[in-house]
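Student: Provided herewith is a single structure, encoded as structure tokens, for subsequent inquiry.
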Amino acid sequence: MDKVNSQTLLKKGAEASLFLADWHGRRAIIKARLPKNYRPAELDKKIRSYRTVHEPQLMNEAKKAGVPTPKIFLVDMKDAAITMEFVEGKQVKQLLGNLASEKRQALCVKIGELIGRLHKHGLIHGDLTTSNMILNAEGKIFLVDFGLGEKNKELEARGVDLHLMKRALQSTHYDMAGECFKHVQEGYAMVLGARDAGKVFGKIREIERRGRYVDERKQA
Amino acid sequence: MKPTAETLCLGVESTADDFGVGIATFDGEILANASSSYIPEEGGIHPREAARHHAEAADKVLNVAFTKAKVNPRDLTLIAFAQGPGLGPCLRTGATVARALASYLDIPLVGVNHSVAHIEIGKLTTGAVDPVTLYVSGGNTIVSAFDSGRYRVFGETLDMALGNCLDVFAREAGLKHRQGVPLGAALERLAADGKKLIPLPYVVKGMDISLSGLLTAATSLLQKRESRLEDLCYSLQEHAFSMVTEVTERALAHTDKKEVLLTGGVAANKRLQAMLDIIAKEHNTKFNVVPLQFATDNGAMIAWTGILAYTHGVTTPVPKSFVKLRWRLEKVDVPWIK
């Protein structure tokens, strides 16, 4: 852990801490899943090592699907730490509210396309929020934070994944969430095709009805 | 209306198995908080039976509250009631009591969102101002924080509520609900003697959690009778609480708020309190937990939230006082927060 501690802490997240580091002359991020002592040690170890193994695998798979993700440099199982490329750019979370309407629309369509490519390739991101998307200077959107992701082609998993995106927009970008999600769906349907995408959208409605206190849910 | 110690609000809570009446002064002193719980002979809450209990208990609970507060009904300024979310028959019983009181005394009526009330009573009693709140009860599992006029929902359960998950397991294990000792408390006591962590599903999806798989797995282990009950209770609690703690921490990191508030019936659990205390400290934030008597459903929280709403221009005329069974937290305007 000494190696990690000697770096500059960028962000202390809930799931992991991000450190800025140097990797043979390149700017790198060390994502370290530090032990969480609120949960029992055995459970903690299981969760941290599971996510540390799976995250880089999913990031590589995502690349194959045509979804930009940071390059992986090193996976350190002992410390549950992943060293990866530092992506220069801005979090979509910070950008979205400041964009002109057409640009925002284009960005949301693009996000939808990326999610579509993941799903088409059998991948689930597991934590689709605008803070997990980085837009670089060339207009490329990188997806990060695959720690809660999985390989899954089921409709249910796709629905939950896209539903998370919708929820993230509603909680963080509430004044434009409806419009943004509509464009995300548009981009998503462009990749998956109207028929398959339609099935996923239907699933989202079903998941919402399953939720707590939803008006649309039928009375028992 | 200027908040003073002389202006009084009576709040009626009846969303689920508790019928509660609270009396509060407009400057935030709780004068009375009386309640009666419907305890099913077996199984969970039967809505119609619970409503029958509420109708029968209303008169007694109201009298206890008036006596405790040393208040005459004629001294009241305002009647508040839990308008939703909750079980239809139960909500309607409480609403009927509230409408009758307001009409008879000829004073204003205000409908209150039950989830908002759990957050507001937590803030009033702990001094928290702008927290990330984990609200966990038999009917709700919500991580929320205030932003631009409303309490936003950052995370919630995708299926069952935390309290419901624990209660169902406790009943399957043969534990009994007694007046004053909820099932969760009985389970917590057993869990304290747990030694071995049995692996169970741990399902976090973004900021949401899913508990139904955990309950199924724990229940089927229970039926196999190969594990100590204490170990199972312990393992169930550790897994479920770790999940809600993880999503609360995520919301805390996401929002950068400086306080954590634990509220709702499951807030009484010491182990859950300890877990949240740890994450609060790690993020240099202040941990607050609602006092026990205001953790479970209660009338005082409805009275207090009614005061906040009424003093900021909200009233609910009787013709518009129909109950809202599925009134989500983020649909409620909270004009009393800037």
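The values are calculated or read from the model by the stated rules, or taken from the named source; none is laboratory data. All values reported here derive from a predicted model rather than from experimental measurement. No Cβ is skipped: glycine too gets one built from the backbone with ideal geometry, and neighbour counts run over all protein chains shown.
Student: Against the definition (among the polar types (S, T, N, Q), part of a helix (DSSP H, G or I), modelled with pLDDT of 95 or more and within 30 Å of B:G206 (Cβ to Cβ)), how does B:S144 come out, yes or no?
Tutor: When the stated conditions are applied, B:S144 does not pass them.
Student: Can you give me the ranges of the helices (runs of 4 or more DSSP H) entirely in region B:225-338 with at least 3 residues that are under 27 Å from A:R33 (Cα atoms)?
Tutor: B:229-255, B:270-282
Student: Looking at (1) within 14 Å of chain A (Cβ to nearest Cβ); (2) among the charged types (D, E, K, R); (3) crowded, with 22+ Cβ neighbours inside 10 Å, find the lone condition where B:D167 falls short.
Tutor: (1)
Student: Evaluate region A:3-14: report whether one residue or more is more than 11 Å from chain B (Cβ to nearest Cβ), in contact with a strand residue (DSSP E or B) (Cβ under 6 Å, 6 or more places away or on another chain), among the basic types (K, R) and under 17 Å from A:F86 (Cα atoms).
Tutor: No, region A:3-14 has no match at all.
Rundown of residues vs (1) at pLDDT 95 or above; (2) within 13 Å of chain B (Cβ to nearest Cβ); (3) surrounded by fewer than 22 Cβ atoms within 10 Å (Cβ to Cβ); (4) under 17 Å from A:L164 (Cα atoms), yes/no style:
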| position | (1), (2), (3), (4) |
| --- | --- |
| A:F86 | yes, no, yes, no |
| A:N98 | no, no, yes, no |
| A:A106 | yes, no, yes, no |
| A:V109 | yes, no, yes, yes |
| A:E113 | yes, no, yes, yes |
| A:L123 | yes, no, no, yes |
| A:G126 | no, yes, no, yes |
| A:M133 | yes, no, no, yes |
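Student: Of everything in region B:224-242 that's surrounded by fewer than 23 Cβ atoms within 10 Å (Cβ to Cβ) and in contact with a helix residue (DSSP H, G or I) (Cβ under 8 Å, 6 or more places away or on another chain), which residue is nearest to B:A161 (Cα to Cα)?
Tutor: In this case the residue turns out to be B:S242.
Student: Could you count how many residues in region B:239-291 are on the phi > 0 side of the Ramachandran plot and either of a type in the set (D, E) or under 20 Å from the mean Cα position of the chain (by Cα) (or both)? Quick ask: steps written out before the conclusion?
Tutor: First pass over region B:239-291, keeping only residues on the phi > 0 side of the Ramachandran plot: B:256, B:264, B:284.
Applying the additional criterion that residues be either of a type in the set (D, E) or under 20 Å from the mean Cα position of the chain (by Cα) (or both) yields B:256, B:264.
Counting residues in region B:239-291 that are on the phi > 0 side of the Ramachandran plot and either of a type in the set (D, E) or under 20 Å from the mean Cα position of the chain (by Cα) (or both) gives 2.
Student: Could you tell me which of the residues B:L276, B:L262 is of a type outside the set (G, A, S), farther than 30 Å from B:L109 by Cβ and away from chain A (no Cβ under 11 Å)?
Tutor: B:L262
Student: Follow-up question, since we're still on this one. For region A:114-170, name all the residues that are closer than 19 Å to A:K103 by Cβ and more than 11 Å from the chain's Cα centre (by Cα).
Tutor: A:L135, A:N136, A:A137, A:E138, A:G139, A:K140, A:I141, A:L169 - these are the residues of region A:114-170 that are closer than 19 Å to A:K103 by Cβ and more than 11 Å from the chain's Cα centre (by Cα).
Student: Follow-up question, since we're still on this one. Take the residues of region B:233-282 that are acidic (D, E) and in contact (Cβ under 8 Å) with a residue 40 or more places away in the chain: which is farthest from B:A170 (Cα to Cα)? Spell out the reasoning first.
Tutor: Taking region B:233-282 as the starting set, the residues that turn out to be acidic (D, E) are B:238, B:246, B:249, B:256, B:259, B:277, B:282.
Filter once more, keeping what is in contact (Cβ under 8 Å) with a residue 40 or more places away in the chain: B:238, B:246, B:259.
Details: B:E238: 15, B:E246: 24, B:E259: 32 Å.
My answer is B:E259.
Student: Out of (1) surrounded by 14 or more Cβ atoms within 10 Å (Cβ to Cβ); (2) free of Cβ contacts under 8 Å to residues at least 12 places away in the same chain; (3) part of a loop (DSSP other than H, G, I, E, B), what's the single condition that is false for A:K78?
Tutor: Condition (1) is where A:K78 drops out.
Student: For the condition surrounded by 15 or more Cβ atoms within 10 Å (Cβ to Cβ) and part of a loop (DSSP other than H, G, I, E, B), what is the one hit in A:K46, A:K36?
Tutor: Testing whether each residue is surrounded by 15 or more Cβ atoms within 10 Å (Cβ to Cβ) and part of a loop (DSSP other than H, G, I, E, B) leaves just A:K36.
Student: Picking from B:T305, B:T316, B:T311, which residue would you name as being assigned by TED's automatic domain parsing to the domain that holds B:P85, in contact with a Pro (Cβ under 7 Å, 6 or more places away or on another chain) and buried (at least 16 other Cβ atoms within 10 Å of the Cβ)?
Tutor: Selected residue: B:T311, the only one of B:T305, B:T316, B:T311 that is assigned by TED's automatic domain parsing to the domain that holds B:P85, in contact with a Pro (Cβ under 7 Å, 6 or more places away or on another chain) and buried (at least 16 other Cβ atoms within 10 Å of the Cβ).
Student: Strands (runs of 3 or more DSSP E) wholly in region B:17-118 with at least 1 residues that are touching a His at 6+ places or on another chain (Cβ under 8 Å) and buried (at least 20 other Cβ atoms within 10 Å of the Cβ) - which ones?
Tutor: Because the criterion is at least 1 residues that are touching a His at 6+ places or on another chain (Cβ under 8 Å) and buried (at least 20 other Cβ atoms within 10 Å of the Cβ), the strands (runs of 3 or more DSSP E) in region B:17-118 that meet it are B:18-25, B:78-84.
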